[in-house]
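The values are calculated or read from the model by the stated rules, or taken from the named source; none is laboratory data. Quantities reported herein were computed from a predicted structural model and do not represent experimental measurements. No Cβ is skipped: glycine too gets one built from the backbone with ideal geometry, and neighbour counts run over all protein chains shown.
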Amino acid sequence: MAKKIIFLPTLPVSILLFYNLFVISNITPIEKIFYFVILIFSFFLLAFLAYEDLKEKEISASLTYLLVAVAVVYNLILVISPIEFLWDGNYVSGIHNLLMGILAGSVIFLMVRVSKEKAIGAGDVFLFFIMGAFLGFNKFLFGFYITILSATAAALIYAIKKKTIKNIRIPFIPFIYLGIIIGFFTSSNYLFQILEKVFNF
């Protein structure tokens, strides 16, 4: 059941990417194939890590490093050949994405050092780098909020079920995965409209 829930989003993700790249985009056929393969591979790998964390309460270091490498390659290619996604209306900046990944990973690394891995694990440093590298400056905060809010909601439900708030620990990677997927396929223009209404700027 858990496996089906984790991997279920990859079907609409595949359809959206295929439509955007092969029907809408004006890039070359080789670029279309490259972006489709690398993004689908990344999302499936992320889904597998989420499932692994859910079942084993730990994730493969080698697969995490592989996903980091894939995220770097994806953004380096974006620098050479930018792409515009259907749901955004803006070209994706590989440089901005990598900078956001480095910034996010650095902040989480400091949190790990200060909390001595009590608040968050060292492996999450790489996952938040990946989130920044795929979402960029425009969407990272939205993806981060989705991650934190969904994880908090799950923890509260689990605490109510167990009738205690002590020693509540839940796998965090599935919620990072959720934040990345929702953030990636949400229009940055739409997010800015929400921020304008909320903060009146």
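Within the range 28-52, being over 26 Å from Ile173 (Cβ atoms) and buried (at least 17 other Cβ atoms within 10 Å of the Cβ) holds for Lys32, Phe34. Cβ-Cβ contacts under 8 Å between residues 6 or more apart (or on different chains), taken from a first residue in the range 1-29 that is among the aromatic types (Phe, Trp, Tyr) to a second residue that is at pLDDT 80 or above, are listed as Phe7/Phe44; Phe7/Ala47; Phe7/Tyr51; Phe18/Phe36; Phe22/Lys32; Phe22/Phe36.
Among the basic types (Lys, Arg) and modelled with pLDDT of 85 or more: is that true of Lys116 in this structure? When the stated conditions are applied, Lys116 does not pass them. For Gly183, are the conditions met, namely being of a type outside the set (Lys, Arg), buried (at least 18 other Cβ atoms within 10 Å of the Cβ) and either farther than 19 Å from Asn75 by Cβ or without any contact (Cβ under 8 Å) to a residue 12 or more places away in the chain (or both)? Spelling it out, it is not the case that Gly183 is of a type outside the set (Lys, Arg), buried (at least 18 other Cβ atoms within 10 Å of the Cβ) and either farther than 19 Å from Asn75 by Cβ or without any contact (Cβ under 8 Å) to a residue 12 or more places away in the chain (or both).
Of all residues in the range 37-58, those that are within 21 Å of Ile15 (Cβ to Cβ) have Cβ atoms under 6 Å from Cβ atoms of residues that are of a type in the set (Ser, Thr, Tyr), 6 or more apart or on another chain, in Ile38/Tyr74; Ile40/Ser14; Phe43/Thr10; Phe44/Thr10; Leu46/Tyr177; Ala47/Thr10; Ala50/Tyr177.
You will find that of Gly105, Gly132, Gly121, the residue that is surrounded by 14 or more Cβ atoms within 10 Å (Cβ to Cβ), within 12 Å of the chain's Cα centre (by Cα) and not hydroxyl-bearing (Ser, Thr, Tyr) is Gly132 and no other. For the range 110-128, enumerate the residues that are assigned to a helix (DSSP H, G or I) and within 18 Å of Glu58 (Cα to Cα). Hits for the range 110-128 are Val112, Gly123, Asp124, Val125, Phe126, Leu127, Phe128. When Ile160 is tested against (1) in contact with a helix residue (DSSP H, G or I) (Cβ under 8 Å, 6 or more places away or on another chain); (2) over 24 Å from Leu39 (Cα atoms); (3) hydrophobic (A, V, I, L, M, F, W, C); (4) outside any loop (DSSP other than H, G, I, E, B), exactly one condition is not met: (1). Run Thr64 past the list (1) buried (at least 18 other Cβ atoms within 10 Å of the Cβ); (2) free of Cβ contacts under 8 Å to residues at least 24 places away in the same chain and report the number of the one that doesn't hold. The failed condition is (2).
Looking only at the range 156-180, filter to residues that are surrounded by fewer than 16 Cβ atoms within 10 Å (Cβ to Cβ) and modelled with pLDDT of 80 or more; which one of those is farthest from Glu52 (Cα to Cα)?
So the first thing to find is which residues in the range 156-180 are surrounded by fewer than 16 Cβ atoms within 10 Å (Cβ to Cβ), and the list is 156-169.
With the extra rule that they be modelled with pLDDT of 80 or more, the set shrinks to 156-157, 159-161.
Values: Leu156: 22, Ile157: 21, Ala159: 22, Ile160: 25, Lys161: 23 Å.
Only one residue tops the list, namely Ile160.
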